[in-house]
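Asker: To start, I am sharing the structure in question, which I have written as structure tokens.
The values are calculated or read from the model by the stated rules, or taken from the named source; none is laboratory data. Since the model is a prediction, treat every value here as computed from it, not as a measurement. Every residue, glycine as well, gets a Cβ built from its backbone with ideal geometry; the counts of neighbours run over all protein chains shown. Note: accessible area is taken over every heavy atom of the protein model, side chains too, but ligands, DNA and RNA are not part of it. Shrake-Rupley method; radii C 1.70, N 1.55, O 1.52, S 1.80 Å.
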Amino acid sequence: MIDEKLLEYLETYLTDSRREKFHKVLEQRTKHFTVATEDVYQLHNTSAVIRSCDVFGIQEVNIVEERNSKRIDREIAMGAQKWVDLNRYHTVKDCITDLKEKGYQIVATTPHTNDCELHEFDATKKSCFFFGRETEGLSDEVLNAADSYLKIPMYGFTESLNISVSAAIILQHVTTKLKHSDIDWQLTEQEKLEKRLDWVKKTIKSYDDIVARYYQD
């Protein structure tokens with residue numbers, strides 16, 4: 001359980017604007033949707049997806065590193081990795097199993113025909129949007145495990161978009177629909193407290209020393 005008195009004390013070390021920003025952002029955060037990237041080779045693509053998740057209020061990102069294991073590009077993510085929770089997996093199977101246990105439907109983003117178009121997507125369903133490798137797309141393992149297939153309508157000669165662009169388009173659309181729905185999409189009060197403490201910890205210098213002094217007094 002979160003020590004709320006400690007949290008309130010720690011927040012006195014924040015500026016008023018930062019404290020208000022934390023509260024404002026948390027009111028728009030959701031775990032109703034999440035995103036997974038599968039063995040994305042170009043580091044800046046994964047980093048840009050994380051940045052889009054932060055922008056559109058997605059609290060968790062799932063990164064499968066079955067073939068490629070790289071650090072997050074801090075410059076591209078623009079600090080977003082501090083505010084978004086990263087779940088890392090060594091296999092697609094482990095990622096999908098974990099997501100389904102959490103109640104997510106697996107949504108494969110793919111330009112193939114006969115899929116659900118973006119404007120038709122049912123935003124009320126708890127969903128994880130999977131994005132695949134730059135040239136190969138999603139693996140057969142993801143495609144076979146998918147509960148739904150989603151595509152962005154395209155009308156030019158090019159048949160696909162960069163994954164970070166696709167993620168931004170999809171997230172902007174589905175989060176807008178979600179926030180105009182009547183379902184309970186926000187974080188729980190306990191989750192908000194946990195994130196407030198996490199963000200404070202990542203913001204305050206000498207966090208451990210301050211906590212130690214608090215409990216000594």
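Asker: Using a 1.4 Å probe and ignoring any ligands, DNA or RNA, find the accessible area of L14 and quote it in Å² to the nearest 10.
Answerer: 20 Å²
Asker: At 1.4 Å probe size, with no ligands or nucleic acids counted, give the accessible surface of K21 in Å², nearest ten.
Answerer: Solvent-accessible area, nearest 10 Å²: 110 Å².
Asker: To the nearest 20 Debye, how big is the dipole of the chain about its Cα centre, given +1 on the beta carbon of each Lys and Arg and -1 on that of each Asp and Glu?
Answerer: For the chain, the charge dipole is close to 580 debye.
Asker: Modelled label-to-label distance, E120 and I183, 7 Å Cα→beta-carbon offset: nm?
Answerer: According to this spin-label approximation, the distance is 1.8 nm.
Asker: Put K24, K195 in order of accessible area, largest first, 1.4 Å probe: what do you get?
Answerer: K24, K195
Asker: Kindly provide log₁₀ I(q)/I(0) values, in the same order as q = 0.25 Å⁻¹, from the Debye equation applied to equal alpha-carbon scatterers of region 88-157.
Answerer: Scattering profile of region 88-157, log10 relative to I(0): -1.22.
Asker: Could you tell me which of the pairs K5/K93; K177/K205; K102/K205; K125/K205; K24/K93; K24/K102 are separated by over 32 angstrom between their Cα atoms in the structure shown? Mind dumping the intermediate values first?
Answerer: On the way: K5/K93 41 Å; K177/K205 39 Å; K102/K205 34 Å; K125/K205 40 Å; K24/K93 36 Å; K24/K102 26 Å.
Result: K5/K93; K177/K205; K102/K205; K125/K205; K24/K93 exceed 32 Å.
Asker: Which lysines, on any chain, are close to K202 with Cα under 16 Å apart, when same-chain ones fewer than 8 places away are left out?
Answerer: Leaving aside lysines fewer than 8 places away in the same chain, those within reach of K202 are K21, K82, K192.
Asker: T12: accessible area at probe 1.4 Å, nearest 10 Å²?
Answerer: Near enough 90 Å² of accessible area.
Asker: List the aspartates and glutamates whose alpha-carbon lies under 15 Å from that of K179, not counting same-chain residues fewer than 8 positions away?
Answerer: List returned: E27, D122.
Asker: What number results when the radius of gyration of the chain, computed over Cα atoms, is divided by 2.2 N^0.38 Å?
Answerer: 1.10
Asker: Still on this structure, please answer the following. Which FRET efficiency value, to the nearest 0.05, is calculated for E136 and Q190 with the Förster distance at 45 angstrom and r the Cβ-Cβ distance?
Answerer: 0.70
Asker: Rounded to whole Å and sorted largest first, list the principal axis extents of the Cα atoms in region 113-201.
Answerer: Sorted from largest, the Cα extents of region 113-201 read 47, 30, 26 Å.
Asker: From the residues F131, M154, I183, which one has its Cα farthest along the dipole of region 121-204 in the positive direction, the dipole being from +1 and -1 charges on Cβ of Lys/Arg and Asp/Glu about the Cα centre?
Answerer: The residue sitting farthest along the positive end of the dipole is I183.
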